[in-house]
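S.K.: Take this structure first; my questions come after.
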Amino acid sequence: MIKWQQSLFKPYIYLMKKLARKVVLSGIQPSGFIHLGNYLGAVQNWVQLQHNPDIHERFYSIVDYHAITQKYVGASLDDTVTDESIDTLQQDPSPQELTLKTAATLLACGIDPSKSTLFVQSHVNAHTELMWFLSCLTPMSWLNKMIQYKEKKGGKGDNKTGLGLFSYPVLMAADILAYRATLVPVGEDQTQHLELAKDIAERYNRLFASGREFFPLPDKLSFEESPWVYNRVMSLQDASKKMSKSDPSKKSCINLIDDPEMIRLKIQKAKTDSLGKIKYDSLRPELQNLLHIYAALEGIDIAKVDQLFIDDNMASFKTKLANKIIDKICPIGEKAIKMCSNEEDRLLEILDKGAKQAQLRSEETMRQMKQLAGILRKGV
């Protein structure tokens, strides 16, 4: 097609892409009952996406294979497996327990199996099978550019760094492309990996699909477009660090299963300045973090949130924030705990059904992908 023809058809190509089926894929690692940062950074937005009529399908995965990229090399074990290192691993919560707790929390948050496909990554074979094929299309030079690998490896030697840490962006690409997802809600730390998935999809399309988009090039579903998202919830004790359950200070993190008394105490003890007036200001990072949390819980514009607290001092603002958190997350925590204690069979049934739905969809992708690539089909 010559240039003047391309320009003539460009509006129609754009319209066809706009009308194309929109499929969302996102994943969360199984860390047990999640914390406020996970909730505001991803899960609350997943729930909101269920009410978006422009989204045709939603696949939400508990990515248990991603969770083990650093588990067995470097972190808990050295290059020689000892009795002591085995004991350390056995003291950790089991992957099954963590996965079920995460699933229970997602359902308690409002993920609806009738509107979204919720499944465990390891229950769907296509993820690892497609990863192998895609890894054969991915130059080492692309993976060597991944910033997260360099950051997580740090100063560790190769004998303390697993292959999984290096290659997991290809598994992430397989997670996305197995469902031919078009939209992926990711934070800034995963944007480079999404770009890699697009590069891999583009290479497959050129090699095997004559340039047509067999694999759609997935776009980032920007967090910034939703008032229900605060994708960098920071520590309550150090606003330069992200909120994390692994933080040595237990006061730094609010868990969704914390009781009201614990939440009030953590917010009361949250580090703030002594300026008193509640004003959104980038030079006041601790207060800025707390205002972001309130805005995301309420679903309001961060630029307007401090207007709600014109007459408040720091103590009364913290009281209102604690009440808002309690009203929002305590019912979720109570429901998640109840599901794990009394409804494990129902949990497993939901995950099994989700895996079957995901398997059907991904198997069709694999069938077509292999056919285009010239891989011999099974005779049965």
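The values are calculated or read from the model by the stated rules, or taken from the named source; none is laboratory data. These numbers were taken from a predicted model, which means no experiment stands behind them. With ideal geometry, Cβ positions are generated from the backbone for all residues, glycine too; neighbour counts draw on all protein chains shown. The protein model used for the area step is the full one, side chains on, heavy atoms only, and it has no ligands, DNA or RNA in it. Shrake-Rupley method; radii C 1.70, N 1.55, O 1.52, S 1.80 Å.
S.K.: Just to confirm, what accessible area per residue do you get for the chain at 1.4 Å probe, in whole Å²?
M.R.: Roughly 53 Å² per residue, with all protein chains present.
S.K.: Compute the length gained on full extension between Leu283 and Ser135: take 0.36 nm times their separation in residues and subtract their Cα-Cα distance, giving the result in nm to one decimal.
M.R.: Result for the pair: 48.8 nm of gain on full extension.
S.K.: Ok, one more. Within region 16-72, report the trypsin sites (Lys or Arg not before Pro) that DSSP leaves as loop and that have at most 16 other Cβ atoms within 10 Å.
M.R.: Arg21
S.K.: Right, next: Quick one: if you stick a label point 7 Å off each Cα along the C-beta vector at Ser341 and Leu372, how many nm between them?
M.R.: Distance between label points: 5.0 nm.
S.K.: What is the distance, in nm, between label points placed 7 Å from the Cα along the Cα-to-Cβ direction at Leu360 and at Lys250?
M.R.: Result: 4.6 nm between the two label points.
S.K.: Could I ask something else about it? Tell me which of Gln307, Ile267, Phe133 sits at the most positive position along the dipole axis of the chain, charges placed on C-beta atoms (Lys, Arg +1; Asp, Glu -1).
M.R.: In the chain, that residue is Phe133.
S.K.: Which whole number of Å³ per residue matches the convex hull of the alpha-carbon atoms in region 196-299?
M.R.: Normalising the Cα hull of region 196-299 by residue number yields 163 Å³.
S.K.: Then there is this: Is the shape of the chain best called rounded, prolate or oblate, per the rule: a/c under 1.5 gives rounded, else a/b larger than b/c gives prolate, else oblate, with a ≥ b ≥ c the square roots of the Cα gyration tensor eigenvalues?
M.R.: prolate
S.K.: Putting +1 on Lys and Arg Cβ atoms and -1 on Asp and Glu Cβ atoms, find which of Gln48, Pro331, Ser249 reaches farthest to the positive end of the dipole of the chain.
M.R.: Gln48
S.K.: Determine the share of the chain's accessible area contributed by carbon and sulfur atoms, expressed in whole percent, with a 1.4 angstrom probe.
M.R.: Exposed carbon and sulfur together represent 53 percent of the surface.
S.K.: In this model, which of Lys241/Lys277; Lys22/Lys378; Lys101/Lys245; Lys304/Lys324 are farther than 26 Å apart at the alpha-carbon?
M.R.: Listed pairs above 26 Å: Lys22/Lys378.
S.K.: Can you tell me how much longer the chain between Glu151 and Arg21 gets when fully stretched, taken as 0.36 nm per residue apart minus their C-alpha distance, in nm with one decimal?
M.R.: Length gained between Glu151 and Arg21: 43.2 nm.
S.K.: How far, in degrees from 0 to 90, does helix 191-208 lean away from the longest principal axis of the Cα atoms of the chain, to the nearest 10?
M.R.: Relative to the chain, helix 191-208 is tipped by roughly 10 degrees.
S.K.: Quick one: which of 304-312, 60-68 comes out on top by average Cβ neighbours within 10 Å, and what's the full order, highest first?
M.R.: 60-68, 304-312
S.K.: Sticking with this structure for a sec: How far is it, in nm, from the label point at Asp112 to the one at Asn159 when both lie 7 Å from their Cα along the line to the Cβ?
M.R.: Between Asp112 and Asn159, the simple spin-label model gives 5.6 nm.
S.K.: Treating cross-link reach as a plain straight distance, find the aspartates and glutamates whose alpha-carbon is under 13 Å from the alpha-carbon of Lys250, omitting any fewer than eight places away in the same chain.
M.R.: Correct list for Lys250: Asp238, Asp258.
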